[in-house]
Amino acid sequence: MTVQVHHFINGEFVAGEGKTQIPVTNPADNSVIATLNVANDAEISQAIISAQAAFCHWRTVPVSERARLMLRYQHLLKQHHDELATILAQETGKTFEDARGDVWRGIEVVEHAANIASLMMGETVENVASGIDSYSIVQPLGVCFGITPFNFPAMIPLWMFPIAIACGNSFILKPSEQDPITPTRLAELFAEAGAPSGILQVLHGDKSVVERLINDPQVKTVSFVGSVAVGQQVYRQATEQLKRAQVFAGAKNHCVIMPDANKTQVINQLVGAAVGAAGQRCMAISVAVFVGQSYSWVEELRAALSKVTPGLWNDSNAAFGPLISPAAKVRVLRLIESGKAEGATCLLDGSAAVVTGYEQGNWVGPTLFTDVTTEMSLYREEIFGPVLCCLHVDTLDEAIALVNANPYGNGTSIFTASGAAAHQYQQQVEVGQVGINVPIPVPLPFFSFTGWKGSFYGDQHAYGKQAVRFYTETKTVTSRWFADDVVSSPNMTISLK
Ligand code: NAD
């Protein structure tokens, strides 16, 4: 029996009357587990009207009340942590522990949103001129819109709506149509936490829903996380409409391995960072750059990778799950074949991997290439699968030049025992999130998620102080009070002297 995924419009969960239906499949066997109706024009209009009405009230609610909603929500999310992880694992194929991590990284953002009062404080300067004070206040914008990808269906929606709503906005979420059940459950729990009707709306669907919302004049901001091609299109469309936009796009994350690094750590960490979540993380390491002698460790890396296998979400021996869709598998297999055809050496080939009893699933096993060059499609394109490409250079300077020449700049890491090498890397690398002996340096929510170059379009990044700036506007007040002012009413006159 398949589940009908519901929209969340004006405080009600509704199946919707949109005529286009999209099946939601289990990536482990491609069976249909749910169906959604793409939101139609009337439903989108209703969500926008309701979100605008909710905003008009919500913006007047005291900031500490808004913070308390986040505290209650955080508490509920923790209570439902395993339930959410189970739903998430079933629709994405992620292992249960990985799914728990997806939910947990979102809960941390909700915790951060509960501190909203201190994040929204303005500034004051007394006596900017004789008897005149100036101060700034931070105000919400209105209806904010977020479009999220399949690969973190809990964490990425939670990067967006808790901060936007804590700031006093209302929010419309368009989750990925590939795993919409988790974000819908997040919305149910938000309502259960006491969120007023209309401040969060969830509209399911595809491109048509996104375009309609970006073009609506009542929608004030656009946040997008997803692929490069779609991200660029969304950014162009949103800025064409003169909207505030932030777009988090694709990546190609390099790990630089210095010869003085701890070999055991490097190999263990690279395995997890390259094939964890089947490589479907925007911060996954997809390129290992070995400097000097460290290249001789490749054989041990191959041996370690060959021991990990994909499997079902509830198989505790599985290192990772299937790819999200048959189309994703076709893309990854095409890139593996292109690597072989273009002259790279495939030391480990996961193309033929299957899980017994689930032969129809989108499985790809760990795959390792050496002799990769920067001209190959394997290097130039985002693979988004459990495939690691190894390159070899002689010096740290060459490694930095190689990373900086790449058009993406989401995350990178260096493994070394040298503080000087780590400092040089941190200072010179043109990537927004740097790990030093840490393979996947995702910042906690009191910082921001700061991808650079082709991995990000916009100005203010996700969560942290930057998200508060993104979801608010600053108003500066200049004020003077005259000592001989008189306040009068029909019945009385009060002298302020
Ligand atoms: P995607 O671009 O296919 O889809 C993302 C969202 O955009 C979905 O909600 C989808 O319905 C919608 N969409 C798809 N086509 C559209 C169109 N033509 N117009 C408007 N909206 C459209 O991405 P995905 O496959 O779901 O996610 C994987 C990608 O996301 C990878 O490239 C990954 O690197 C990237 N990602 C980036 C970050 C980051 O922080 N930089 C984080 C997570 C994922």
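The values are calculated or read from the model by the stated rules, or taken from the named source; none is laboratory data. Remember, it's a predicted structure, so these values are computed and weren't measured experimentally. Note that each Cβ is placed from the backbone with ideal geometry, even for glycine, and that neighbours are counted across all protein chains shown.
What pairs come up if the first residue lies in region 429-442 and is touching a residue at least 24 places away in the same chain (Cβ under 8 Å) and part of a loop (DSSP other than H, G, I, E, B), the second is of a type in the set (A, V, I, L, M) and exposed (fewer than 15 other Cβ atoms within 10 Å of the Cβ), and their beta carbons are under 9 Å apart, counting only those six or more places apart or on different chains?
Close Cβ pairs satisfying both conditions: N437/A417.
I want to confirm something. Restricting to region 182-217 and keeping residues that are among the charged types (D, E, K, R) and part of a loop (DSSP other than H, G, I, E, B), which single residue is nearest to the chain's Cα centre (by Cα)?
Among them, the one singled out is D206.
Within region 378-417, can you find the residues that are of a type in the set (G, A, S) and surrounded by 15 or more Cβ atoms within 10 Å (Cβ to Cβ)?
Selection gives G385, A399, G409, G411, S413.
Name the single residue that is surrounded by the most Cβ atoms within 10 Å (Cβ to Cβ) among those in region 218-246 being within 14 Å of the ligand (Cβ to nearest atom) and of a type in the set (S, T, N, Q).
Of everything passing the filter in region 218-246, S223 is surrounded by the most Cβ atoms within 10 Å (Cβ to Cβ).
So which pairs qualify, if the first residue must be in region 70-91 and outside the structural domain of G361 (by TED's automatic domain parsing) and on the phi > 0 side of the Ramachandran plot, the second must be in a helix (DSSP H, G or I) and of a type in the set (F, W, Y), the Cβ gap must be under 8 Å, and the two must be at least 6 apart or on different chains?
Sorted first by the residue in region 70-91, then by its partner, the list stays empty.
For region 159-217, enumerate the residues that are hydroxyl-bearing (S, T, Y) and within 15 Å of the ligand (Cβ to nearest atom).
If the condition is that a residue be hydroxyl-bearing (S, T, Y) and within 15 Å of the ligand (Cβ to nearest atom), then S176, T182, T184, S208 are the ones that fit.
Can you tell me which residues in region 463-497 are aliphatic (A, V, I, L, M) and at pLDDT below 95?
Across region 463-497, the qualifying residues are A483, V486, V487, M492, I494, L496.
Residue check: is P366 under 25 Å from the mean Cα position of the chain (by Cα), closer than 22 Å to L270 by Cα and not acidic (D, E)?
Criteria met by P366.
Condition first: outside any loop (DSSP other than H, G, I, E, B) and crowded, with 19+ Cβ neighbours inside 10 Å. Now tell me which residues in region 6-32 satisfy that.
Residues satisfying the conditions are H7, F8, I9, V24, T25.
How many residues does region 421-458 contain that are among the aromatic types (F, W, Y) and surrounded by fewer than 19 Cβ atoms within 10 Å (Cβ to Cβ)?
Residues meeting the conditions: 3.
A quick yes/no check of all residues on (1) under 30 Å from V228 (Cβ atoms); (2) free of Cβ contacts under 8 Å to residues at least 24 places away in the same chain; (3) more than 14 Å from the chain's Cα centre (by Cα):
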{"site": "E123", "(1), (2), (3)": "no, yes, yes"}
{"site": "P149", "(1), (2), (3)": "yes, no, no"}
{"site": "M160", "(1), (2), (3)": "yes, no, no"}
{"site": "P180", "(1), (2), (3)": "yes, no, yes"}
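What about A327, is it among the hydrophobic types (A, V, I, L, M, F, W, C), surrounded by fewer than 24 Cβ atoms within 10 Å (Cβ to Cβ) and not in a strand (DSSP E or B)?
When the stated conditions are applied, A327 passes them.
Being small (G, A, S), surrounded by fewer than 16 Cβ atoms within 10 Å (Cβ to Cβ) and touching an Asp or Glu at 6+ places or on another chain (Cβ under 8 Å) is true for just one of S130, S136. Which residue is that?
Within the list S130, S136, the selection yields S136.
Tally the residues that are part of a helix (DSSP H, G or I) and away from the ligand (no atom under 16 Å from the Cβ), restricting the search to region 105-155.
Number of matching residues: 9.
Condition first: in a strand (DSSP E or B), under 21 Å from P175 (Cα atoms), modelled with pLDDT of 95 or more and not basic (K, R). Can you find one or more residues in region 37-45 that meet it?
yes
Residues that are crowded, with 23+ Cβ neighbours inside 10 Å and within 16 Å of the ligand (Cβ to nearest atom): does region 299-319 have at least one?
no
How about region 225-280: which of its residues are in contact (Cβ under 8 Å) with a residue 12 or more places away in the chain, in a loop (DSSP other than H, G, I, E, B) and not polar (S, T, N, Q)?
The answer is G226, K243, A249, G250, A251, K252, M258, P259, D260, A261.
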